[in-house]
Amino acid sequence: MEKIDKKHTVKEEAENVLSFLPIATDAPFNALVHQFEPICLPNTRTDLLDDIAQWIDGHDTPCVFWLNGMAGTGKSTVARTVARTCHEKGMLGASFFFSRGGGDISNAAKFVTSLAWQLARTIL
């Protein structure tokens, strides 16, 4: 019983510390403001999504998968699809979706602390 109480106390203390971090609450892919934003339709972008899945599962792959393209080509939609899929598989540590004119998500001021907060919450 003592270990449970001690662990519970550590978790409460961690939650207390996390509450002081300045975070962008609208940044995660599953934030309420993103609920109606699109994901890839079934059987679309399959080659790209397969490439990303192989990169995620790869052992000798680069640390970063750079998704680039012109505005309006679906990069954010692909990123949301990948984030949702990873979340559903229990593989997502954190996500941050930037948006022009979106307050805290329109600049990088709270990027690091938001990711740190999400990662900490994931392991608690």
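Over the stretch 1-78, with every protein chain in place, what whole percent of the accessible area is carbon and sulfur at 1.4 Å, could you tell me? The C+S portion of the solvent-accessible surface of the stretch 1-78 is 60 percent. Site-free segments of the chain were taken between trypsin sites (Lys or Arg not before Pro) in DSSP loops having at most 13 other Cβ atoms within 10 Å, sites themselves excluded; the longest one is 1-88. Taking the convex hull of the alpha carbon positions in the chain and averaging its projected area over all directions gives 10.1 nm².
The residues His59, His8, His34, sorted by heavy-atom accessible surface at 1.4 Å with ligands and nucleic acids left out, run His59, His8, His34 from largest to smallest. Looking at the square roots a ≥ b ≥ c of the eigenvalues of the Cα gyration tensor of the stretch 52-124, which shape do they give, rounded for a/c under 1.5, prolate if a/b is larger than b/c, or oblate? Oblate is the answer for the stretch 52-124, as a/c is 1.5 or above yet b/c matches or exceeds a/b. The angle between the Cα long axis of helix 111-123 and the main principal axis of the chain comes to about 60°, on a 0 to 90 degree scale. To the nearest ten degrees, helix 75-88 and the longest principal axis of the Cα atoms of the chain are 40 degrees apart. For Lys110, the aspartates and glutamates whose Cα falls under 14 Å of its own Cα, not counting residues fewer than eight places away in the same chain, are Asp26.
Axis angle, to the nearest 10 degrees, between helix 46-57 and the longest C-alpha principal axis of the chain: 40 degrees.
The values are calculated or read from the model by the stated rules, or taken from the named source; none is laboratory data. Owing to the predicted nature of the structure, the values given are computational and were not obtained by experimental measurement. Cβ atoms come from the backbone with ideal geometry, glycine included; neighbour counts cover every protein chain shown. Note: accessible area is taken over every heavy atom of the protein model, side chains too, but ligands, DNA and RNA are not part of it. Shrake-Rupley method; radii C 1.70, N 1.55, O 1.52, S 1.80 Å.
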